[in-house]
Amino acid sequence: MGGSFLDLSQQSVMIVDDNRHMRALLCSIFRTLKIKNLQEVGDGETAFLEIEAFKPTLVVTDWHMEPMDGISLVKNIRHSAFSSVKYVPIIMLTGHSDLHRVQEARDSGVHEFMAKPVAAKDLLKRLEAIV
């Protein structure tokens, strides 16, 4: 993953996914990128409750979760009363990458859309585009 001179060490990332193994994989990727301030959350509802206190500089969320899915989470963040998180960059991860899903995610306020499985180098490219 060399070639990147972007210092990401000051970033704080909230990882929202109901799959514990996916959260662990993403944490591993972010730690490789020298990002240590990570918060793992298992669903959108909990993420929304904790986002204001954590103040992430990036949110990476899965689409399909219960009780609140990723799209609902994104909409809640974008319409939040808290300006500190309202405009946070969001990367949506999903196993479904058909065009109407990409458009729905974009229209909800997602910055980047990535299909699973996620490769570390692809995630780094998206991070560089956002940061």
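Annotation: amide H-H contacts under 5 Å for PHE113 (H modelled 1.01 Å from N, sequence separation of 5 or more, or interchain): MET92. Rounded to the nearest 0.05, what FRET efficiency do ALA81 and ASN37 give with R0 = 30 Å and r taken as the Cβ-Cβ distance? Could you check? Efficiency, from the Cβ-Cβ distance: 0.80. Among PHE82, PHE113, the order of accessible area from largest down is PHE82, PHE113, computed with a 1.4 Å probe on protein heavy atoms.
For region 1-63, with every protein chain kept in place, what is the accessible area per residue (1.4 Å probe, Å²)?
It amounts to 51 Å² per residue over region 1-63.
Treating only the Cβ of Lys, Arg, Asp and Glu as charged (+1, +1, -1, -1), what charge dipole size does the chain show about its Cα centre? Round to the nearest 20 debye.
480 debye
For ARG23, the solvent-accessible surface computed with a 1.4 Å probe is close to 40 Å², ligands and nucleic acids excluded. Tell me, rounded to the nearest percent, the portion of alpha carbon pairs in region 62-131 spaced more than 18 Å apart. Above the 18 Å cut-off, region 62-131 has 39 percent of its Cα pairs.
Of the listed residues LEU123, LEU49, the order by accessible area with a 1.4 Å probe, largest first, is LEU49, LEU123. Per atom type, the chain shows carbon and sulfur on 51% of its accessible surface, probed at 1.4 Å. Distances between every pair of Cα atoms in the chain, grouped in 5 Å steps from 0 to the bin holding the largest one, split as 2, 11, 23, 26, 21, 12, 4, 0, 0 percent. When you restrict to C-alpha pairs under 8 Å that are six or more residues apart and normalise by the size of region 1-120, the relative contact order lands at 23 percent.
Restricting the calculation to Cα atoms, region 27-81 shows an Rg/Rh of 0.98 when the hydrodynamic-style radius is the Kirkwood one.
The values are calculated or read from the model by the stated rules, or taken from the named source; none is laboratory data. Remember, it's a predicted structure, so these values are computed and weren't measured experimentally. Every residue, glycine among them, receives a Cβ derived from its backbone with ideal geometry; neighbour counts consider all protein chains shown. Just so you know, the surface numbers come from the protein's heavy atoms only, side chains and all, with ligands and any DNA or RNA stripped out. Shrake-Rupley method; radii C 1.70, N 1.55, O 1.52, S 1.80 Å.
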